[in-house]
Each structure stands twice: as structure tokens, then as C-alpha cells.
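Read the structure below first, then the notes.
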């Protein structure tokens with residue numbers, strides 16, 4: 001829950017719930033709507049003033065203009081009119097958007113990309129997608145822009161999206177943890193554990209980490225070549241690794257400066 | 001020379017001059033200014049009404065806001081204030097821009113991308129660069145956007161830009177002609193001659209052409225994945241090859257429809 005005047009934002013309270021899953025996409029979407037309304041009621045009970053509006057963001061292909069979740073491959077839904085469903089049941093105005101682009105909006109308005117005309121916000125978490133800021137606005141490409149995680153950088157491994165060589169297969173936070181576990185037989189909680197292992201010289205961690213950073217560097221170079229951003233803001237779980245990520249990536253980007261985001265994985269909420 | 005109301009344009013007369021070259025970039029820029037003013041005077045003599053303004057576009061890194069040619073690697077200049085130099089000597093308002101982005105503006109306003117919110121204009125000539133239309137505007141990325149010709153698609157050959165694997169090294173119109181000549185010892189006037197040789201089954205032409213189309217397909221797929229354009233407009237000399245280019249590229253692009261541009265290589269002038 002966020003409060004503040006335009007251009008400012010203060011987090012008043014925070015709750016986490018796992019995304020509900022049902023048998024099909026429509027049922028999952030309905031369960032998500034229920035869960036959001038339930039959470040909104042709980043947070044509303046903690047607020048000092050009446051809640052004025054809901055802000056909800058989801059992953060996948062999102063049409064912000066129509067307020068529709070067009071497609072989520074992971075969650076299985078298609079063409080769900082979330083904004084209308086939520087507004088009808090909550091009786092409040094609802095701002096509905098895309099999780100990563102909302103993060104980009106937060107970085108542009110309040111964060112590390114403040115004042116930039118051209119920037120890229122790149123959160124690296126379970127998946128990898130980017131918010132593209134061009135001409136001082138977060139660009140949606142009709143809902144399709146920013147799928148940097150599915151650019152082919154030539155490693156040849158198949159991806160769930162149907163293509164091969166996708167950055168996300170080796171460089172997402174989830175991929176780093178999965179590949180380290182597969183290589184060593186040791187389970188880790190996440191990519192940050194692998195980064196810690198790199199710092200103490202674990203050779204398996206170094207191999208997995210270097211492959212991830214090399215993939216990200218290639219994707220960033222492609223992005224910089226195409227878009228010429230002034231600044232690239234890294235976010236998500238992998239950005240918590242700090243210099244292990246920013247130093248090699250800074251060398252790979254041409255025009256941009258690389259800044260880790262202080263908002264980290266929370267930028268989507270603020271946006 | 002173009003005339004017409006806003007949203008329309010009619011070509012009244014057309015003249016071609018080779019770009020003058022001098023010992024260094026500053027002298028080349030001064031010679032270009034002289035040549036443009038000379039050409040404007042010649043064209044002005046043909047016009048029925050007084051000339052109201054000049055429109056001038058150049059390649060390289062261009063800052064449209066300041067009216068400056070920031071850098072042209074091929075022509076050697078740096079930070080040339082073309083708009084001011086031309087306006088002072090011509091005594092007319094001067095619109096100054098980037099050759100490919102001006103072409104993108106023409107396609108957006110009058111051509112095959114008319115009405116699109118998100119589109120890519122990709123002229124393939126001596127070099128390869130793209131105009132990126134996002135949110136209904138041609139985006140400049142501070143002058144750096146659209147360098148799709150220098151994305152690395154993995155063929156490993158060195159490029160004049162200092163990197164390896166650049167699309168432009170195998171897929172520009174100039175590269176196709178050069179590679180065919182190098183392979184066969186037969187000089188050709190340009191890529192269109194190579195396309196003609198493909199149509200009659202020349203196996204060397206097929207190899208060179210397929211490598212070019214494969215490189216372009218990879219670059220277009222990267223571009224589509226990042227930007228999600230509704231439409232990709234092909235232009236430049238290579239687009240004159242028609243279906244030999246559009247059929248394989250159409251299969252490689254995900255969201256976009258591929259349209260050859262009727263304006264062809266002339267879109268930059270209209271813009």
C-alpha cells in the first residue's frame with residue numbers, strides 16, 4: 001500500500017500472497033481477482049484515510065489502454081478484463097498495468113531513471129523482461145514490447161516459449177539457481193546464494209554465474225545498439241548481487257551508464 | 001524538392017549529387033553545406049512559388065533538437081551545427097534531421113506505417129539502420145537509436161565499427177554485391193543484380209543471398225522481440241528485390257506484418 005502526492009510515494013504497509021492457481025486460465029484469473037480484493041480489504045483496514053484507488057499489475061502481454069490481461073503463458077489466462085472486473089467489485093477506480101512497465105514508470109518518475117528521456121529498466125527475477133523508456137515515456141508496443149528475456153543469444157538450449165537460445169534460460173534468477181543445483185546436486189534458495197558462492201571462489205558457481213552474465217551482456221549490448229538508452233537500471237533478485245553483476249555488464253553496454261536500483265524488486269509496486 | 005499541404009507531399013523536381021569529400025571531416029562538412037546551398041539555388045530556380053524552407057538530412061549520429069551532426073564515421077565529421085550553418089547562409093528556415101528517421105517519419109505520416117503506433121522502418125542500402133516508431137512518434141534515443149546494422153548476429157566477421165558479427169557486414173546492399181563479387185570474380189552493379197542471379201538459379205548468388213536474408217531475419221526477430229512493432233516497412237535498394245526478401249523475412253518476424261515500401265529509397269527525402 002502506497003500513499004503520497006504525485007511524484008512522491010510512501011509505503012504504508014506491505015503484504016505478500018502467493019499467486020493462486022486453478023485448473024485453467026479463466027479460473028486462475030477469477031481466483032486472482034478474489035485474492036486482490038481480499039488483500040485490498042485487509043490493507044484498507046490498516047489505512048488512516050479511506051482507500052481512494054487500487055493499482056494492480058500483472059505479468060505477460062498486457063493492454064494497459066483496455067485494462068486487459070491479454071496473455072500470460074505462466075498463469076494460463078487469455079483476454080481477462082481485469083480492470084473492469086476489479087473496479088466493479090471494489091467500487092473504486094483501478095489503475096491496471098504490466099508489472100515490469102509499472103516498475104519502469106516508478107524508476108522514471110521517482111527512481112534511478114528520473115529525468116531520462118531514454119532508459120531501460122531491466123528486472124532480473126524468475127523471468128527477464130524490460131521496460132523501455134523512449135521519448136520520456138514508458139513504451140508498451142501494444143503490450144508486446146520489452147521481451148528481452150526471449151532474445152536469442154546463441155546458446156542453443158530450448159526455452160518454454162518455443163524458441164532456442166533465449167537469455168532467460170541461462171540468466172534469470174531462477175535459471176541461475178536451477179543450473180547451479182543441476183551442476184552440483186546442491187539446492188540453493190536463489191541466485192543470491194550462487195553469487196555468495198562466487199565470492200568465496202566456488203568454481204561451479206563461477207561457471208554458472210559467468211554464463212548468466214555473458215548472456216545478459218549480449219542482450220544488453222543488443223538493446224543498447226537498438227535503443228541507445230542514456231541509462232540502464234537493473235532490478236529484481238539478481239541485482240542484489242551488486243558489483244558481481246554491474247561491473248561486467250557496465251563493460252558490455254556502450255552508451256548507457258548502469259545503475260542498480262535502490263527500489264530493487266519493489267519498483268513494480270511503486271509504479 | 002517536395003511541395004504540398006501538411007499530410008501530403010508532391011515531388012516537383014529531383015537532382016542527385018555525389019557527397020563531396022575533403023581532407024578532413026570539418027572540410028567535408030563545409031563542402032556539404034556549399035553543395036546543399038548550390039543545389040537549393042538550382043531547385044529554387046525551377047519552383048513556381050518562392051522556396052519557403054529547406055529540409056536537410058544526414059546519416060550518422062544526429063541530434064535533431066540542436067540541429068547538429070554529432071558524428072559520421074563514414075564522412076568523418078563531428079559536432080557540425082548544420083542547421084545553423086545552412087539557415088544563416090540560405091536565409092530560410094531549415095529542418096535538419098537524420099536520413100533514416102526522416103524516412104520513418106515519411107512512412108508514418110504518408111506511407112506504409114500510416115496510423116501505426118509502433119512500427120519499424122528498415123531501409124537496407126549501403127548501410128543498415130532503422131527508424132523506430134513507438135507510441136506514434138519516431139524515437140531518436142538522443143541520436144543513438146536504431147543501429148540495427150551493428151547488432152551482432154554471430155557470423156564473426158570484423159566490421160568497420162570495431163565489433164564483430166554485425167548484420168551490415170553480410171546483409172547491406174553493398175555487402176551483398178561485394179560478397180558476390182569476391183566469391184565469383186564477377187563485378188555487379190548492386191544487390192539487385194545478385195537478386196536477379198538468384199532468380200535464374202546461380203548457386204553463388206543463392207549462397208550470398210541466403211546469408212544476407214538469414215542475418216536480416218535474425219536482426220528483425222531481435223527487434224520484434226524487443227519492440228513488438230505492428231508493422232515493419234522495408235526500404236532501400238535491397239527492398240527492390242521484393243518477394244525474395246519479404247517472404248523469408250515475413251516468416252522470421254513474430255508480431256509484425258512485413259510491407260515493402262512503395263517510396264523505396266526515396267522515403268528519406270519525403271520525410
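One table, with the values for the structure above:
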{"item": "Count - residues of region B:87-101 that are crowded, with 17+ Cβ neighbours inside 10 Å, away from chain A (no Cβ under 14 Å) and closer than 20 Å to residue B:143 by Cα", "result": "4"}
{"item": "Sole exception among (1) within 22 Å of the chain's Cα centre (by Cα); (2) under 18 Å from residue A:105 (Cα atoms) for residue A:53, by number", "result": "(1)"}
{"item": "Positions within region B:207-221 being within 14 Å of chain A (Cβ to nearest Cβ) and buried (at least 24 other Cβ atoms within 10 Å of the Cβ), in sequence order", "result": "B:215, B:219, B:220"}
{"item": "Residue B:243 being modelled with pLDDT under 90 and over 30 Å from residue B:36 (Cα atoms)", "result": "yes"}
{"item": "Per-region count, region A:222-238, residues away from chain B (no Cβ under 14 Å), outside any loop (DSSP other than H, G, I, E, B) and crowded, with 24+ Cβ neighbours inside 10 Å", "result": "4"}
{"item": "Residues of region A:180-203 that turn out to be closer than 15 Å to residue A:170 by Cβ and out of contact with any helix residue (DSSP H, G or I) (no Cβ under 7 Å at 6 or more places or on another chain), as a count", "result": "2"}
{"item": "Test result for residue B:115, part of a loop (DSSP other than H, G, I, E, B) and under 28 Å from residue A:153 (Cα atoms)", "result": "no"}
{"item": "Condition broken by residue A:44, with the remaining ones in (1) over 17 Å from residue A:146 (Cβ atoms); (2) touching a helix residue (DSSP H, G or I) at 6+ places or on another chain (Cβ under 7 Å); (3) surrounded by fewer than 21 Cβ atoms within 10 Å (Cβ to Cβ) satisfied", "result": "(2)"}
{"item": "Condition check for residue B:49: modelled with pLDDT of 90 or more and either surrounded by 19 or more Cβ atoms within 10 Å (Cβ to Cβ) or farther than 17 Å from residue B:235 by Cα (or both)", "result": "no"}
{"item": "Meets criteria (away from every other protein chain (no Cβ under 14 Å) and modelled with pLDDT under 90) for residue B:125", "result": "yes"}
{"item": "Residue count, region B:119-139 (criterion: in contact (Cβ under 8 Å) with a residue 40 or more places away in the chain and over 15 Å from residue B:234 (Cα atoms))", "result": "1"}
{"item": "Residue match in region A:131-142 (condition: away from every other protein chain (no Cβ under 14 Å) and surrounded by fewer than 24 Cβ atoms within 10 Å (Cβ to Cβ))", "result": "no"}
{"item": "Only listed residue being closer than 16 Å to residue A:143 by Cβ and not assigned by TED's automatic domain parsing to the domain that holds residue A:175, chosen from A:50, A:59, A:18", "result": "A:59"}
{"item": "Test for residue A:232: is it modelled with pLDDT of 90 or more and within 17 Å of the chain's Cα centre (by Cα)", "result": "yes"}
{"item": "Boolean, residue B:148 is touching a residue at least 40 places away in the same chain (Cβ under 8 Å), surrounded by 23 or more Cβ atoms within 10 Å (Cβ to Cβ) and more than 9 Å from chain A (Cβ to nearest Cβ)", "result": "no"}
{"item": "Residue A:112 being surrounded by fewer than 24 Cβ atoms within 10 Å (Cβ to Cβ) and touching a strand residue (DSSP E or B) at 6+ places or on another chain (Cβ under 8 Å)", "result": "yes"}
{"item": "Qualifying residue in region A:153-161 (condition: closer than 30 Å to residue A:65 by Cβ and within 11 Å of another protein chain (Cβ to nearest Cβ))", "result": "yes"}
{"item": "Residues being in contact (Cβ under 8 Å) with a residue 40 or more places away in the chain, assigned to a helix (DSSP H, G or I) and surrounded by 24 or more Cβ atoms within 10 Å (Cβ to Cβ) - total across region A:170-182", "result": "3"}
{"item": "Filter result (over 26 Å from residue B:191 (Cβ atoms) and either at pLDDT below 95 or not in a strand (DSSP E or B) (or both)) within region B:128-139", "result": "B:135, B:136"}
{"item": "From B:146, B:162, B:154, B:142, residue being outside any loop (DSSP other than H, G, I, E, B) and either modelled with pLDDT under 90 or touching a helix residue (DSSP H, G or I) at 6+ places or on another chain (Cβ under 8 Å) (or both)", "result": "B:142"}
{"item": "Only one of B:165, B:104 that is within 26 Å of residue A:132 (Cβ to Cβ), touching a strand residue (DSSP E or B) at 6+ places or on another chain (Cβ under 8 Å), in contact (Cβ under 8 Å) with a residue 12 or more places away in the chain and surrounded by fewer than 22 Cβ atoms within 10 Å (Cβ to Cβ)", "result": "B:165"}
{"item": "Members of region B:185-194 that are modelled with pLDDT under 95 and either over 21 Å from residue B:235 (Cβ atoms) or surrounded by fewer than 20 Cβ atoms within 10 Å (Cβ to Cβ) (or both)", "result": "B:186, B:187, B:188, B:189, B:190, B:192, B:193"}
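The values are calculated or read from the model by the stated rules, or taken from the named source; none is laboratory data. Bear in mind the structure is a predicted one, so any value in this text is a computation, not a measurement. Glycine gets a Cβ as well: all are built from the backbone with ideal geometry, and neighbour counts include every protein chain shown.
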